């Protein structure tokens, strides 16, 4: 049976020593974030997740969700846990106070998201998607939706979903066939099918609010294969009276089936059918019908900005799921390595009174665990820093700081989604390897972590697409301004600390990785315009360089802080010594991989594109 202990001390270190969030009283929601306050939130959240959610993780995997008479039934205990979750207010941490939430910043909510996902990823997807849905509705919905629907989603009385993917259409939204036709009363009639809809239906709440993208036909009723008529809609499971907020009749939304999938089985992944469903366009008042029957002018929904905001938030959340599964997996792998005895240490028996030594004495077991542990804690630091950027870009009184935060957050979001989920899956595999054959069977729960982790690399934009987004869009956006800002920060840190002998083990590898990163960027600038396939072939390598170097930068900063604390005799000395070892591991063992990434990046696309298409199936 797997166990989990939330990394409360690490979050406290990141909040108050690394990020110093209690000093950002100029930002809304930060005024009361004292160490006492954040400790209370972290310890309370940890207790709930460890004692209520974690014991249901294997239950959810073993039972899964079941479709009965058109209604999805969640695994035993999920409904009761969801009620406790909402009653305790854990679903309302980041919601605006005007809608009944606590109004806490994303650095707190994403921290709690990690803890919840480590305990039970399948469960936390229900409130997580609801948070994304009500945030989009609060930003783009009509006043009656904000008055009647959003507060019920915030309270947990109702849940929400994101409905984007179709059987024939994933990332390429212009191929969508789901359509929404304007009606006389200003609503829309929606028809189509969406697949892979997490939380599409379940028995934990009475109503589910679907956030759906669909096309509006032209005046001849035709759908165009472009993005010009793609719009964002709110489609409730039960229609809501705009005057009273009460549920009325069942809408034309139904579950076609639930997916039989590899992992996260406690999360209901549904095929959703929309059959003449009443839909409400978001992002401004709907167009009125013209005398000819069509809309008076070309429909372009400002609500699409809300949809993209929802997607970007989801990508950040998925990246954090990568950290979460890595954390719980490495905890269990380390515990097993300390207990399992087999063989003798290569340098002589460490446990001479017993017949064998614990397997933690073997360098390769340590490699598996240190690789995962250094990833998890470095990634957590980056995730919390970017979470801070989200608040800064929205609320900083300094326009230049807002602009810089926005640039950096946009640049690093695809890195967080893709690199973190790749490494999270690797961390789950590493810990499963520590268990040997015992990891392959279900008893210890390790194979579930591997299966659950695998979806994170796929949804919210597959990782190859995230890599292409980084290279083709984010690195060049605004004339490369974000990239230059990011490079400038790393370069400034290196220059500031390269004269410090104690920082030499951290700065020299970071500098080497940074130089390879800039070489990769330069190669792309010179070669991508000649052949766009060069950008595609190099994108995954570039993303990996970004991931390794950025975590190296995080680790170098934490190492500097740890050294300062040790020299001053402050805090927990063992905690800081441990940070220094993990930082050294990442910079010594992971940064050298950037040499291979750069070499592959510079090979171009020729070999990748050379093989005839038919030869792939020979």
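The values are calculated or read from the model by the stated rules, or taken from the named source; none is laboratory data. Remember, it's a predicted structure, so these values are computed and weren't measured experimentally. Cβ coordinates were reconstructed from backbone atoms using ideal geometry, including for glycine residues, and neighbour counts include every protein chain displayed.
When the helices (runs of 4 or more DSSP H) confined to the range 426-493 are screened for residues that are under 23 Å from the mean Cα position of the chain (by Cα) and crowded, with 21+ Cβ neighbours inside 10 Å, those reaching at least 1 such residues are found at 446-454, 463-469. Screening the range 327-355 for residues that are surrounded by 15 or more Cβ atoms within 10 Å (Cβ to Cβ) and in a loop (DSSP other than H, G, I, E, B) and picking the one that is nearest to the chain's Cα centre (by Cα) gives 340. The residue of the range 157-169 that is surrounded by the most Cβ atoms within 10 Å (Cβ to Cβ), among those that are more than 23 Å from residue 102 (Cα to Cα) and touching a residue at least 24 places away in the same chain (Cβ under 8 Å), is 163.
Reported count of residues in the range 252-277, each being out of contact with any helix residue (DSSP H, G or I) (no Cβ under 8 Å at 6 or more places or on another chain) and surrounded by 23 or more Cβ atoms within 10 Å (Cβ to Cβ), is 7.
The helices (runs of 4 or more DSSP H) found entirely in the range 42-156 that carry 3 or more residues being within 27 Å of residue 385 (Cα to Cα) and in contact (Cβ under 8 Å) with a residue 60 or more places away in the chain are 106-140. Can you spot a residue in the range 228-251 that is in a strand (DSSP E or B) and on the phi > 0 side of the Ramachandran plot? Checked against the condition, which is being in a strand (DSSP E or B) and on the phi > 0 side of the Ramachandran plot, the range 228-251 yields no hits at all. Selection of the range 206-229 for residues being in contact (Cβ under 8 Å) with a residue 40 or more places away in the chain and crowded, with 23+ Cβ neighbours inside 10 Å yields 208, 209, 210, 211, 212, 213, 214, 216. Every residue in the range 171-205 that is in contact (Cβ under 8 Å) with a residue 60 or more places away in the chain and closer than 17 Å to residue 460 by Cβ, please. The answer is 171, 194, 195, 196, 197, 198, 199, 200.
Can you work out which of the residues in the range 157-183 that are part of a loop (DSSP other than H, G, I, E, B) and modelled with pLDDT of 95 or more is nearest to residue 211 (Cα to Cα)? Restricting to residues being part of a loop (DSSP other than H, G, I, E, B) and modelled with pLDDT of 95 or more, the top hit is 178.
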